[in-house]
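The values are calculated or read from the model by the stated rules, or taken from the named source; none is laboratory data. Given the structure is predicted, the values throughout are model-derived calculations rather than measurements. Here Cβ is always computed from backbone atoms with ideal geometry, including for glycine, and neighbour counts include all displayed protein chains. Heavy atoms of the whole protein, side chains included, go into the accessibility calculation; ligands, DNA and RNA do not. Shrake-Rupley method; radii C 1.70, N 1.55, O 1.52, S 1.80 Å.
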Amino acid sequence: MNRVLITGATGNVGAHLVRELRTRSAPVRALVRDPTAAAARLGDAELAHGDFDDPASLRRALDGVTRVYLCAADGPRKVAHETAVIDAAAAAGVERIVKLSALHADPASPLPAYRWHGEIEEHLHRCGVPAVVLRPAFFMTNLLMVAAGVAQTGTLAAPTAGRRAAMIDIRDVAAVAAVTLLADPHAGHIYELTGPKAITFAEVAAALTAATGRRITSLDLTEEQARPRFAAAALPDWLTTQLAGVFGVLREGGFDRVTTDVPTLLGRPARGIAEFAHTFADAFTPQPTPASPATA
Ligand SMILES: NC(=O)c1ccc[n+]([C@@H]2O[C@H](COP(=O)([O-])OP(=O)(O)OC[C@H]3O[C@@H](n4cnc5c(N)ncnc54)[C@H](OP(=O)(O)O)[C@@H]3O)[C@@H](O)[C@H]2O)c1
């Protein structure tokens, strides 16, 4: 039976993928840096203690593994991290790698994460291991980055110029990863993963209104209005560039195409924004402040 190594197992998609594969009774091993924290997140899944920067730990984690899910955090070490896993997997004779990439992956992209994905995809295609590449669109979970502000102000502000994005729920990304890891006919394919519908941020605000029972409105910012907001978040330079660039892509219509890959691979429609909003309604709702301790 195929044993699957999940890298990035404690990450957003990875944690859902571990659950997906275990539901399907597939033998799973999760590569984790901190087994105690990982056990709290992943339950009693088999853990391999390791680090992308430690080649010996990758060799140990790959022992007896036939398939690998490849995902490292975005950042300047991403290409080194993912190519280290690819090289170790090729040396270990793994049969298939499923790489989490991104729509617009391109080694010539001015956006750092898209460029890194493009470079890793090229390395993957050269390594000789049959591969599947998953290129999701904008994650719905990106909205959680501004959830506290939305809860406070009742306003969802973003520089979208009213354009649409076929946002995807990461639970569907994980479900597709599970299918392409376990079933045979997918090697060599690049799948572009979107939600069921291209939606505006006004439609996102309407879904959040319905899910929270509070009126949430959308506010379209100009690029100039958005720039200081990104800067105020005090993010690393590459991430500020990436975020601003992603909204530039969105404004140019780069996320407005709906693909059929998710329903074809899963045999059901992709999850929509209403389901996401329902799941995360609490994050977009003001939380009561704790009562002050009673005085004697
Ligand atoms: N956001 C979007 O709209 C979007 C759209 C399309 C594609 N994507 C792509 O999705 C990917 C991110 O997926 P995600 O959100 O599921 O991942 P994530 O939550 O960022 O998780 C990153 C994982 O990498 C692990 N990790 C970090 N450094 C490590 C190291 N040195 N050794 C071993 N493990 C290490 C982390 O483990 P620890 O728990 O130990 O930190 C964590 O499990 C990115 O490549 C991004 O470009 C995102």
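Phi angles of the stretch 77-83 translate, via the Karplus equation with coefficients 6.51, -1.76, 1.60 and θ = phi - 60°, into HN-Hα couplings of 8, 4, 5, 4, 5, 6, 5 Hz per residue; Gly and Pro are given as x. Computed on protein heavy atoms with a 1.4 Å probe, the accessible areas place R29, R251, R229 in the order R229, R251, R29, largest first. Dividing the C-alpha radius of gyration of the stretch 220-296 by 2.2 N^0.38 Å, with N its residue count, gives 1.71. Once you treat every alpha carbon in the chain as an equal point and sum by Debye, what is log10 I(q)/I(0) at q = 0.14 Å⁻¹? Evaluating at q = 0.14 Å⁻¹ gives log10 I(q)/I(0) of -1.08. Largest GNM mean-square fluctuation among A234, A38, A15, using the chain with Cα springs under 10 Å: A234. With both labels modelled 7 Å from their Cα along Cα-to-Cβ, the L219 to I190 distance reads 3.9 nm.
The reciprocal of the average 1/r between distinct C-alpha atoms defines the Kirkwood hydrodynamic radius, which for the stretch 17-74 equals 12.1 Å. Relative to the longest principal axis of the Cα atoms of the chain, helix 112-126 runs at roughly 20 degrees. Among the protein heavy atoms of the chain, carbon and sulfur supply 54% of the accessible surface, probe 1.4 Å, non-protein parts ignored.
In the full protein context, the stretch 4-136 carries 41 Å² of accessible surface per residue, based on a 1.4 Å probe and ignoring ligands, DNA and RNA. Note on the chain: with a GNM built from Cα contacts shorter than 10 Å, the maximum mean-square fluctuation among P35, P228, P27 falls on P228. With a/c under 1.5 counting as rounded, go ahead and sort the stretch 189-253 into rounded, prolate or oblate using the C-alpha gyration tensor (a ≥ b ≥ c being the square roots of the eigenvalues; past the cut-off, prolate if a/b is larger than b/c, else oblate). Oblate, since a/c reaches 1.5 and b/c is not below a/b.
Relative to the longest principal axis of the Cα atoms of the chain, the long axis of helix 170-182 makes an angle of roughly 10 degrees.
Computed over the chain, the per-residue total of -39500 (n - 2.57) for DSSP H runs of n ≥ 4 gives a 222 nm mean residue ellipticity of -13000 deg cm²/dmol, rounded to 500. Computed from Cα atoms, the angle from the helix 223-232 axis to the main principal axis of the chain rounds to 70 degrees. Alpha carbon centre of the stretch 251-277 versus the stretch 92-119: separation in Å? Here the two parts' Cα centres lie 20 Å apart. For the stretch 4-136, the square roots of the Cα gyration tensor eigenvalues, ordered a ≥ b ≥ c, give a/c of at least 1.5 with a/b greater than b/c, which places it in the prolate category.
Of all the options D87, D261, D54, the one that moves most in a Gaussian network model of the chain with Cα springs shorter than 10 angstrom is D54. In a DSSP loop and with at most 12 other Cβ atoms within 10 Å, the GluC sites (Glu not before Pro) in the stretch 194-296 are E252.
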